[in-house]
There are 2 protein chains.
Amino acid sequence: MPYGYDGQILRVDLSRGAISVDAVDELFCRKYLGGAGFVSYFLLKELRQGIAPLGPENKLIFALGPVTGVPLPGSGRNCVGAKSPLTGGYAKSEVGGFWGAELKHAGYDAIIVEGKAEKPVYLWIHDGEASIRDASHLWGKNTKETEQIIRDELGDSLIRVAGIGPAGENLVRFACIMNGLKDAAGRGGTGAVMGSKNLKAIAVRGHKRPEVAEPECLKELRQWLLAHRELWASYAELGTAGGGGGMEASVKTGNIPVRNFLDGEFPEIGEISANAVRDTIRIKMESCYACPIRCKKVVKVDEPYPVDPAYGGPEYETLASLGSNCGISDLKAIAKGNELCNAYSLDTISTGDVIAFAMECFENGLLTTEDTGGIELRFGSAEAMLKIIDLITKCEGIGDLLAEGTARAAQKIGKGATEFAMQVKGYEIPMHEPRLKAALGLGYVVNPHGADHMDSIHDTMYSEPGQALDRVKPLGILEPLPADELGPRKVSLFRYVQQERIIRDCLVLCDFIPYDIEQVADILAAVTGWKTGTVEMLRVAERTLTMARLFNIREGLTAADDKLPNRFFQPKRNGVLSTKFYDPEQLEKAKSYYYTLMGWDAKTGVPTPEKLQELGIE
Amino acid sequence: MPYGYDGQILRVDLSRGAISVDAVDELFCRKYLGGAGFVSYFLLKELRQGIAPLGPENKLIFALGPVTGVPLPGSGRNCVGAKSPLTGGYAKSEVGGFWGAELKHAGYDAIIVEGKAEKPVYLWIHDGEASIRDASHLWGKNTKETEQIIRDELGDSLIRVAGIGPAGENLVRFACIMNGLKDAAGRGGTGAVMGSKNLKAIAVRGHKRPEVAEPECLKELRQWLLAHRELWASYAELGTAGGGGGMEASVKTGNIPVRNFLDGEFPEIGEISANAVRDTIRIKMESCYACPIRCKKVVKVDEPYPVDPAYGGPEYETLASLGSNCGISDLKAIAKGNELCNAYSLDTISTGDVIAFAMECFENGLLTTEDTGGIELRFGSAEAMLKIIDLITKCEGIGDLLAEGTARAAQKIGKGATEFAMQVKGYEIPMHEPRLKAALGLGYVVNPHGADHMDSIHDTMYSEPGQALDRVKPLGILEPLPADELGPRKVSLFRYVQQERIIRDCLVLCDFIPYDIEQVADILAAVTGWKTGTVEMLRVAERTLTMARLFNIREGLTAADDKLPNRFFQPKRNGVLSTKFYDPEQLEKAKSYYYTLMGWDAKTGVPTPEKLQELGIE
């Protein structure tokens, strides 16, 4: 095996209670790399067409990359994949913390979980050994209790746990998997898949430190990062909510959604911004494995809502989704909502979106207090937001409807509610505005997992000279492009950036570490010893995306599903984008050109047989 | 200006006798790089559609790259471009020696020669100054005499001269431009363009040594090369004819053409191979600027044909074109033919091919001694070959017909002679066999300048693990591909290799220096100080090829011109490939997929408007 891999994939059949190991060879590793590449490969290869996402035939894949667990910032992560209960297609989600590194140290490159346990179980993996253990006593417990009980009963306080809270158990379609208590594999509903398998948690502990081909080179890259604090100072200071000039700036540009993407103005932004968090409820910053940036907020609130610091603090997406997008300016309530989501294993983006959706339905009379059990579900009501989180988790009352996700809830409500459903392929829209960032909208529609902002582009970063543009110069992007333009040059830039992100999802490397793509290639070379480069990495990204596309096509998704909600084709009600709207024709042209660049049919988005041969996809 | 460029392009209007300088900025340099990139840009931008290649409206471009003249092996070169009198389309040709480096040291990145002088002139360029000088006394002189007279009259024996002999003056359509006496910008007939402008030579001398951004890095790359002698030992020992196991091996594989590509067997190969050259007529090896490899043979023959060592010795292409392809096994005659071609400024590949073509016509009665002025123009006749070289140069008798090149001569001869014309777009086929190397055949048809072997692929190098395959691993090509396969994976590999070669033509860097593409990117970064990489370079190659394609389309060339001679669709008469033929349908499919990968229409090969926008081509 090359450095960077254990060469072993753990396969756990919960129906049979059987554990086995698949060996993978170097060519396989180099062709698919890890993380998202492994997820795409196994989902496409092993899942039967049309299986129920929440049935025993779905598989839940935890995949590491060559970078996982090596002494380098951003290397503590893992990727999670499955058929998504939210989109019915490809789900993959990345998550930080320490669990990924621990699994690598325990001797595995990935875990494939199949079948369904008869009763609740958890997996215990340590130093090359794995066992299935009873979890009946853990069922119903939140993530903190679960972690504590497992550590206690296994007698090791350094055990890392990835698991679900009640939302995953109750099959909330946007339930996430929590690594520890602060880090979520948030998107696509993999937590529900875990719940459907009666798998409460995976506890790991390992002592094997991965060898790398060129440790000196990794050391230099680490030193480089330390020497360039200016590239990440805002993350260290404010977390993800400090990016792009902070949330106050995000209102000025129109990026942040307000009241279910209806409004642009949000004068209360200063009350919920990263600055506000720092100045009021934040007690410290914490890090993931091996990372000096320490971008993770920890908050503490005593009243009116006691917030347990163990659950960390709200990131940008959460501040916006439970905050401005619900019209809420009560920071403590948002922090409480964040804590609940982490304790219950709910994706904060989908949660915020589905609540904002329900609020708009309520404001427009599509839902009433009769539906809500008396809750005055209005924009701005922090109390309502917190109550709904509880109901969703328990699938009770209105929560049972909303636990299905925005798209399904809108269908059931009818009466035009679909116009309020801010989702693509059933996947709720994250906290960034396509009316401002044209190619981001393209990313929302063409990303195989749905409206994802991480594997996409933030056009405003490339609209003037600066750090972001400098980082894509090695890709031949030499001149700024307006944020709202969506011609072939922008589509090409989007595709590069998307593939760069996908590569990080394969390695698996944190998106916020400001290495440029050449440095990322250096990392891969230094870890594995391969003579590699950016072109090979982009090719792996192309393969990964194409396999994911094939998976979606097999599950019945088509180019017609690559569409934005109509709301984006209208201006906002107020604020800076109140005269601006997304041009649907421009989007169709851009989609078509993106398909073409990918070697997919320009109209249908179906990968051509030639492209599949070229990429070695059978 | 970035390091690596002078920022000045010399523009010489011979009709008006005017000299001016165009300034180029950093963005321009980065977008087009130099060499072939500059040639494509200026030909497309400045040439009017339909102009006569040998008329005053054609322009002759001598372009350097950022690498030219820096202290690095392979950096003495330049690219020459024009509208080709041979193909009627895009001509570009690279040439080694010292002239390119000298021009950079004299302060220019390129020369654009326009118009036509009233009487013969030459250019004298030294240390940022340029003048047009009378060359009446040089007209009719061979290249050695020309160089000597210029050096004498300008009083500097270190002056470097690029110029033409009588073949260029007489507008032989495949006349070349000689850098000194040994190095030819061989292909496409740029020597005839030079002659049509009454421009005998360009003499240069410069004392400015280019600064580079990271001299230490260049030093390391040079050291790396010196430390890896095994990668280039065969070139140092045997020149280009030592590649691929030598010419003896080339008969065994079927790569080398015999008797106008008819035959496979050539038992006399040992008499004309690189080993034979070394063991008989070779007196030493010489180098180009700054190169330790010293791959250039120097030969001396006293009788029966005195060969002047000043003209160097025959490379692989010449040994095969004047040798086996004419059925000739007389090494001294081949060396003499090589000397004549260099003295007269004739491309040895086209010259050998057109003679082989005429021999086949003669053998088949399409030409008779009446046409040849009594010459028994049979395969194997060294005497005939040498006589024809003289006649072509002088455009006398049969030579006047053959000076038009194979395609035009075949048209004039009629009677089915076109079936004997081994050419693509009027450009004679080099000494490598598509029936052995499938994607090489694709390269012959899609290369914008015609059947070029340098900007193509030699499939046999990638059919088993080894150095060549290792060098493309950073491109994600991990597994060998059979030499005769031409599916999408091979087409994609071809495209990468083609673009890697085009990048070298832009830089301008010798193809025989065994840097891999990541090292080439390191060189560009070290010279210029840019944060660049392979992706940016491939993008420049894509732009360069697409501009060349547009130029050809404007001149009336279409996908129908992207075709191989019918001979390749038949087996050889004997030898290892006597049962093997090229599949025309497979070629059409491969062409179509190549067009698709290039972002050109899959059927017509016309670049799409979106691709042009993406690449920033107006």
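The values are calculated or read from the model by the stated rules, or taken from the named source; none is laboratory data. Since the structure is predicted, the reported quantities are computational estimates derived from the model, not experimental observations. Neighbour counts run over all protein chains shown; Cβ positions are idealised from the backbone, glycine included.
The residue list B:ARG173, B:ARG160 contains one member that is over 22 Å from B:LEU10 (Cβ atoms), touching an Asp or Glu at 6+ places or on another chain (Cβ under 7 Å) and surrounded by 18 or more Cβ atoms within 10 Å (Cβ to Cβ), which is B:ARG173.
Residues that are more than 9 Å from chain B (Cβ to nearest Cβ) and either over 22 Å from A:GLY239 (Cα atoms) or among the aromatic types (Phe, Trp, Tyr) (or both) within region A:503-519 comprise A:ILE503, A:CYS506, A:LEU507, A:PHE512, A:TYR515, A:GLN519, listed in sequence order. For region A:17-52, taking the residues that are touching a helix residue (DSSP H, G or I) at 6+ places or on another chain (Cβ under 9 Å) and among the hydroxyl-bearing types (Ser, Thr, Tyr), the one that is nearest to the other protein chains (Cβ to nearest Cβ) is identified as A:TYR32.
Within region A:120-141, one or more residues are surrounded by fewer than 22 Cβ atoms within 10 Å (Cβ to Cβ), touching a Ser or Thr at 6+ places or on another chain (Cβ under 7 Å) and modelled with pLDDT of 95 or more.
The rows are residues; the columns are (1) more than 17 Å from A:ALA343 (Cα to Cα); (2) free of Cβ contacts under 8 Å to residues at least 12 places away in the same chain; (3) touching a strand residue (DSSP E or B) at 6+ places or on another chain (Cβ under 9 Å); (4) not basic (Lys, Arg).
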{"residue": "A:GLY163", "(1), (2), (3), (4)": "no, no, yes, yes"}
{"residue": "A:ASN170", "(1), (2), (3), (4)": "no, no, no, yes"}
{"residue": "A:ALA175", "(1), (2), (3), (4)": "no, no, yes, yes"}
{"residue": "A:MET178", "(1), (2), (3), (4)": "no, no, yes, yes"}
{"residue": "A:ALA185", "(1), (2), (3), (4)": "no, no, yes, yes"}
{"residue": "A:GLY188", "(1), (2), (3), (4)": "yes, no, yes, yes"}
{"residue": "A:VAL204", "(1), (2), (3), (4)": "yes, no, yes, yes"}
{"residue": "A:ALA213", "(1), (2), (3), (4)": "yes, no, no, yes"}
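Could we say that A:ASP263 is acidic (Asp, Glu), at pLDDT 95 or above and under 18 Å from the mean Cα position of the chain (by Cα) here? Considered against the rule, which asks whether it is acidic (Asp, Glu), at pLDDT 95 or above and under 18 Å from the mean Cα position of the chain (by Cα), A:ASP263 comes out as no. B:MET454 passes every criterion in (1) more than 9 Å from chain A (Cβ to nearest Cβ); (2) crowded, with 24+ Cβ neighbours inside 10 Å; (3) more than 30 Å from A:GLU479 (Cα to Cα); (4) among the aliphatic types (A, V, I, L, M) apart from (2). crowded, with 16+ Cβ neighbours inside 10 Å, away from chain B (no Cβ under 14 Å) and in contact with a Pro (Cβ under 9 Å, 6 or more places away or on another chain): is that true of A:ALA548 in this structure? Judged against the criteria, A:ALA548 is a match. None of A:LEU436, A:LEU475 is more than 24 Å from A:ILE355 (Cα to Cα), crowded, with 22+ Cβ neighbours inside 10 Å and more than 17 Å from the chain's Cα centre (by Cα) except A:LEU475.
Exactly one residue among A:THR369, A:THR393 is touching a strand residue (DSSP E or B) at 6+ places or on another chain (Cβ under 7 Å) and not aromatic (Phe, Trp, Tyr), and that residue is A:THR393. A:GLU114 fulfils the conditions (1) among the charged types (D, E, K, R); (2) touching a Phe, Trp or Tyr at 6+ places or on another chain (Cβ under 6 Å); (3) more than 22 Å from A:GLY206 (Cβ to Cβ) except for a single criterion, (2). Of the residues screened, A:TYR344 is not one that is under 25 Å from A:ALA559 (Cα atoms) and either touching a Ser or Thr at 6+ places or on another chain (Cβ under 8 Å) or hydrophobic (A, V, I, L, M, F, W, C) (or both).
Of all the criteria given as (1) surrounded by 21 or more Cβ atoms within 10 Å (Cβ to Cβ); (2) among the acidic types (Asp, Glu); (3) assigned to a loop (DSSP other than H, G, I, E, B), the one not satisfied by A:GLU518 is (3). Scanning region B:475-489 for residues that are within 29 Å of B:GLY65 (Cβ to Cβ) and touching a residue at least 40 places away in the same chain (Cβ under 8 Å) turns up just one, B:LEU475.
May I ask you to verify whether A:ASP308 is surrounded by fewer than 24 Cβ atoms within 10 Å (Cβ to Cβ) and either without any contact (Cβ under 8 Å) to a residue 60 or more places away in the chain or more than 18 Å from A:GLY239 (Cα to Cα) (or both)? Yes, satisfied. Restricting attention to region B:584-618, the residues that are more than 8 Å from chain A (Cβ to nearest Cβ), hydroxyl-bearing (Ser, Thr, Tyr) and touching a residue at least 24 places away in the same chain (Cβ under 8 Å) add up to 3. Taking region B:307-360 as the range and being of a type in the set (Val, Ile, Thr), closer than 17 Å to B:ARG282 by Cα and in a helix (DSSP H, G or I) as the test, the residues that pass are B:THR318, B:ILE334. Within region B:574-583, the set of residues being touching a residue at least 24 places away in the same chain (Cβ under 8 Å) and among the hydroxyl-bearing types (Ser, Thr, Tyr) comprises B:SER578, B:TYR582.
Given the structure, is B:ALA541 surrounded by fewer than 22 Cβ atoms within 10 Å (Cβ to Cβ) and within 12 Å of chain A (Cβ to nearest Cβ)? Taking the combined requirement at face value, the residue does not satisfy it.
A search for C-beta distances below 8 Å between a residue of region B:333-360 that is under 15 Å from B:ILE272 (Cβ atoms) and any residue that is modelled with pLDDT under 95 and of a type in the set (Phe, Trp, Tyr), counting only pairs 6+ apart in sequence or on different chains, returns B:ALA333/B:TYR305; B:ALA335/B:TYR305; B:LYS336/B:TYR305.
There is at least one residue in region B:478-489 that is modelled with pLDDT of 95 or more, within 13 Å of chain A (Cβ to nearest Cβ), assigned to a helix (DSSP H, G or I) and farther than 27 Å from B:CYS288 by Cα. If the condition is being more than 9 Å from chain A (Cβ to nearest Cβ) and either surrounded by 21 or more Cβ atoms within 10 Å (Cβ to Cβ) or in contact with a strand residue (DSSP E or B) (Cβ under 8 Å, 6 or more places away or on another chain) (or both), then region B:523-538 contributes B:ILE523, B:LEU524, B:ALA526, B:VAL527, B:THR528.
For A:LEU469, indicate whether it is within 14 Å of chain B (Cβ to nearest Cβ), assigned to a helix (DSSP H, G or I) and at pLDDT below 95. Criteria met by A:LEU469. Of the helices (runs of 4 or more DSSP H) lying entirely inside region A:185-268, those containing at least 3 residues that are out of contact with any helix residue (DSSP H, G or I) (no Cβ under 6 Å at 6 or more places or on another chain) and of a type outside the set (Gly, Ala, Ser) span A:215-227.
Among the residues of region A:551-573, those identified as part of a helix (DSSP H, G or I), touching a residue at least 60 places away in the same chain (Cβ under 8 Å) and in contact with an Asp or Glu (Cβ under 9 Å, 6 or more places away or on another chain) are A:ASN552, A:ASN566, A:ARG567, A:PHE568.
Any residue at all in region A:76-95 that's touching a Ser or Thr at 6+ places or on another chain (Cβ under 7 Å), within 14 Å of chain B (Cβ to nearest Cβ) and modelled with pLDDT of 95 or more? No, region A:76-95 contains no residue that is touching a Ser or Thr at 6+ places or on another chain (Cβ under 7 Å), within 14 Å of chain B (Cβ to nearest Cβ) and modelled with pLDDT of 95 or more.
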